[in-house]
Amino acid sequence: MRTTFIALVALLGLCSAAVLQHKLIFRESQKIQMMRRGEWGAYVQHKEALRDANPAVYANVPQNVNDYGDFEYLGNITIGTPPQPFLVVLDTGSANLWVPGPNCDGSCVGKRIFDSQKSTTFQIDGKPWSIQYGSGNAKGYLGQDTVAFGAATEKQLPVPKTTFGIATHISADFKSDAAEGILGLAFTSLAVDHVVPPLINAINQGILDQPIFTVWLEHKGSANNVGGGVFTYGALDTTNCGDIIAYQPLSSATYYQFVASGFKLGSYSITKNYQVISDTGTSFIGGPKAVIAGLADALGATYHSDDQSYYLPCATAKGTLDVTIGSNVYSIKPVNYIVDVGMGDTCIFAAFAFNNFGFGPSWILGDPFIRQYCNVHDIGQQRMGFAPSLQAST
Ligand SMILES: *[C@@H]1O[C@H](CO)[C@@H](O)[C@H](O)[C@H]1NC(C)=O
């Protein structure tokens, strides 16, 4: 009897350890869409005006980290019992989940809202939360419910008792976007109000097979609302990623932050230890102004101050953008760091000067880097693993 019981417990233990392959949806970032429509310059000016007019509000908002216009990779989740569906940004550069709520003002029009009264597993928390973005804030109150990664029609990863934000107001530039909320995948220490993020909550409850998740971002060009890669929670992704080249210890478990020791493109190179973060929520690569200018120069790209972007002829021969991490050099191919924004023969260098005001990371390795290399977020051992993406066109 006792052995049967132990065997049963062991069996249940095995069954409860989960792996989920969460398919992503890609659509061009608002930033690239605005560039395509010739509206990006005006938007940049608008954001600068907001910053200048409200210095206290924006003082602690690093430019471009967590900037709304940068999101490209979305995923389906459900919240509650029975499940209510949402399309959210899967963002490794932040750590809170929020979706629109029933008391949301006009800013949420057109989006699905979470109706807690229709969920039998909902528990109110009620504490207020607020997150500042580049062009306004999102705010609301907290609640707790089952959050499941994946769409209700697919295999899901349910995480019971997950605390999340129910928005009563969302940032202005969220309104026009297909995404309904943001799901942050970074550490609790980065989360506003230190609310435990959904995936960390899953790990804390022993729901995942291994305390890791692997990100494979597909290169999609300008196609929209198409499959865009896979997040694998609880395991490596051996289908879309090659063998791990190396692991790099996290220097800070807030963001997925580590040290990179050099950057090189053509005739330009710099060797220096930099704090960098991997961030699926940033569509470009951000770095110190002088270094970005050096890289752009080596590429023959010219800076346009009105929209703070680097333009170059699409046809120029380009080498790889090389990033040294530990004892390895990771080479990003032009297909991943040059964006054709539909301006004839003119393309954009997917990089921006990023001022961290002397604190936090000084580089953001955004989607161009992650499309080239699968990123293994080893939360248990606080390290990042990098593996080649097996997508043919990268
Ligand atoms: C994911 O959500 C989008 C938007 O609501 C929907 O069109 C799509 O069918 C969903 N995917 C799945 C697999 O249900």
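For the reader, a short list of remarks on this structure follows.
- Longest to shortest principal axis, alpha-carbon extents of the chain, angstrom: 73, 49, 37
- Estimated [θ] at 222 nm from DSSP helical runs (n ≥ 4, -39500 (n - 2.57)) normalised by residues in the chain, nearest 500: -5000 deg cm²/dmol
- Each principal axis of the Cα atoms in region 239-388 has its own extent, and those three values, largest first, are 47, 39, 27 angstrom.
- Dipole magnitude (debye, nearest 20) for region 239-388, charges at Cβ of Lys, Arg, Asp, Glu: 340 debye
- Amide hydrogen neighbours beyond the local backbone of D115, cut-off 5 Å, H modeled: none
- Two-site FRET efficiency, Y303 against T121, from Cβ-Cβ distance with R₀ of 45 Å, rounded to 0.05: 0.30
- Between the amide H of I332 and those of L321, D322, V323, distances stay under 5 Å, these residues lying 5 or more places away or on another chain, with hydrogens modeled in the peptide plane.
- For region 181-192, putting each phi into the Karplus relation 6.51 cos²θ - 1.76 cosθ + 1.60 with θ = phi - 60° gives couplings of x, 10, 10, x, 10, 7, 7, 4, 5, 8, 6, 4 Hz, in residue order, rounded to whole numbers and with x for Gly and Pro.
- The residues packed around G229, meaning those with a beta-carbon under 12 Å from its beta-carbon, carry a net charge of -1 if Lys and Arg are +1 and Asp and Glu are -1.
- Under the convention that each Lys and Arg Cβ holds +1 and each Asp and Glu Cβ holds -1, the size of the dipole of the chain around its Cα centre is about 440 debye.
- Summing charges over all other residues whose Cβ lies under 13 Å from the Cβ of S267, with Lys and Arg as +1 and Asp and Glu as -1, gives 0.
- Between the Cα long axis of helix 289-299 and the first principal axis of the chain there is an angle of about 60°, rounded to the nearest 10.
- The residues of the chain have, on average, 40 Å² of accessible surface per residue, using a 1.4 Å probe with all protein chains present.
- Within the accessible surface of region 239-388, defined with a 1.4 Å probe on protein heavy atoms only, the carbon and sulfur portion equals 50 percent.
- Cα centroid separation - region 179-200 against region 321-385, whole Å: 22 Å
- The long axis of helix 40-53 is offset from the longest Cα principal axis of the chain by roughly 70 degrees.
- Cα lying deepest toward the dipole's positive end in region 19-216, options L87, Q30, P211, charges on Cβ: L87
The values are calculated or read from the model by the stated rules, or taken from the named source; none is laboratory data. Computed from a predicted structure; not experimentally measured. Neighbour counts run over all protein chains shown; Cβ positions are idealised from the backbone, glycine included. Note: accessible area is taken over every heavy atom of the protein model, side chains too, but ligands, DNA and RNA are not part of it. Shrake-Rupley method; radii C 1.70, N 1.55, O 1.52, S 1.80 Å.
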